[in-house]
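*Asks:* Quick one: this structure, given as structure tokens, is what I'll be asking you about.
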Amino acid sequence: MVAFEPGTGAGDTAAGMERHRSAYRRLKAMLPSKASEWLRDLYSLVYDFKAVKAIGATIDRERPDFVYERYSDYHLSGWKAASNRGLPYILEIHDPPEARAYFARRANFERYNRWVQRRITTNADSMVVVSSYLKQFLVKGGVPEEKVLMLPNGVNLDLFQPTGKRE
């Protein structure tokens, strides 16, 4: 298995990534909230553009059998890198962009973000979702049901016993 962690660039060290995060947090604290939200979304767009090359280089070096990616706003890079190399693309989705209103967070480029979601869900070889609601949402949006695997993000309370024997 090959893990590709999104960062600020290919080959960044953990310390280098933390310096970038720290600088971003300082800048965010100085800006009005709307400006920092725009900055966050613009960074995501730029990162996605650069990530296609970095993910592709990782794929070329490690030669995985498929690409498995968790959905992230604005990001087409994993799908592009996989499709450019003829690899199966599996997408994990925890919430669609439409759920953002519930969490009081909107993307600044919402129309583009929805286009990205439609593009990768249409082209993914399969998807993993965490709820039956999300599976139904995708199927209603035109994704074939057989492409969507539901893997609940929870616990079976009949099997989980918080007290008693550990085994």
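The values are calculated or read from the model by the stated rules, or taken from the named source; none is laboratory data. Only a predicted model underlies this, so the values are computations on that prediction, with no experimental measurement involved. Positions of Cβ are generated from backbone atoms using ideal geometry, with glycine treated the same way; all protein chains shown enter the neighbour counts. Accessible surface is based on the protein model in full, side chains and every heavy atom, while ligands, DNA and RNA are left aside. Shrake-Rupley method; radii C 1.70, N 1.55, O 1.52, S 1.80 Å.
*Asks:* Can you pull out the residues in the range 16-58 that are touching a helix residue (DSSP H, G or I) at 6+ places or on another chain (Cβ under 7 Å), among the charged types (D, E, K, R) and farther than 30 Å from Asn84 by Cβ?
*Replies:* Of everything in the range 16-58, just one residue is touching a helix residue (DSSP H, G or I) at 6+ places or on another chain (Cβ under 7 Å), among the charged types (D, E, K, R) and farther than 30 Å from Asn84 by Cβ, namely Lys28.
*Asks:* Evaluate the following for Glu5: is it exposed (fewer than 12 other Cβ atoms within 10 Å of the Cβ), within 28 Å of Ile90 (Cβ to Cβ) and modelled with pLDDT under 80?
*Replies:* Spelling it out, Glu5 is indeed exposed (fewer than 12 other Cβ atoms within 10 Å of the Cβ), within 28 Å of Ile90 (Cβ to Cβ) and modelled with pLDDT under 80.
*Asks:* Which of (1) modelled with pLDDT of 85 or more; (2) among the polar types (S, T, N, Q); (3) open to solvent by 30 Å² or more (accessible area, probe 1.4 Å) does Thr13 not meet, given it meets every other one?
*Replies:* All conditions are met except number (1).
*Asks:* Separate question: Pick from the range 80-106 the residues that are within 25 Å of Met150 (Cβ to Cβ) and open to solvent by less than 30 Å² (accessible area, probe 1.4 Å): which of them is modelled with the lowest pLDDT?
*Replies:* Arg100
*Asks:* So which residues in the range 21-42 are free of Cβ contacts under 8 Å to residues at least 24 places away in the same chain and surrounded by 14 or more Cβ atoms within 10 Å (Cβ to Cβ), if there are any at all?
*Replies:* Tyr24, Lys28, Ser36, Leu39, Arg40
*Asks:* Within the range 21-58, can you find the residues that are among the hydrophobic types (A, V, I, L, M, F, W, C) and outside any helix (DSSP H, G or I)?
*Replies:* Leu31
*Asks:* Suppose we keep only residues that are in contact (Cβ under 8 Å) with a residue 24 or more places away in the chain, assigned to a loop (DSSP other than H, G, I, E, B) and of a type outside the set (D, E, K, R) within the range 113-140. Which one would you say is least open to solvent (accessible area, probe 1.4 Å)?
*Replies:* Ala124
*Asks:* Take Leu31 and decide whether it is modelled with pLDDT under 85, out of contact with any Gly (no Cβ under 9 Å at 6 or more places or on another chain) and closer than 27 Å to Ile120 by Cα. Let's see the steps before the verdict.
*Replies:* Details: modelled with pLDDT under 85: yes; out of contact with any Gly (no Cβ under 9 Å at 6 or more places or on another chain): yes; closer than 27 Å to Ile120 by Cα: no.
In short, no.
*Asks:* Anything in the range 59-79 that is assigned to a helix (DSSP H, G or I), in contact (Cβ under 8 Å) with a residue 12 or more places away in the chain and surrounded by fewer than 18 Cβ atoms within 10 Å (Cβ to Cβ)? List them, or say none.
*Replies:* Of everything in the range 59-79, those that are assigned to a helix (DSSP H, G or I), in contact (Cβ under 8 Å) with a residue 12 or more places away in the chain and surrounded by fewer than 18 Cβ atoms within 10 Å (Cβ to Cβ) turn out to be Asp60, Glu62.
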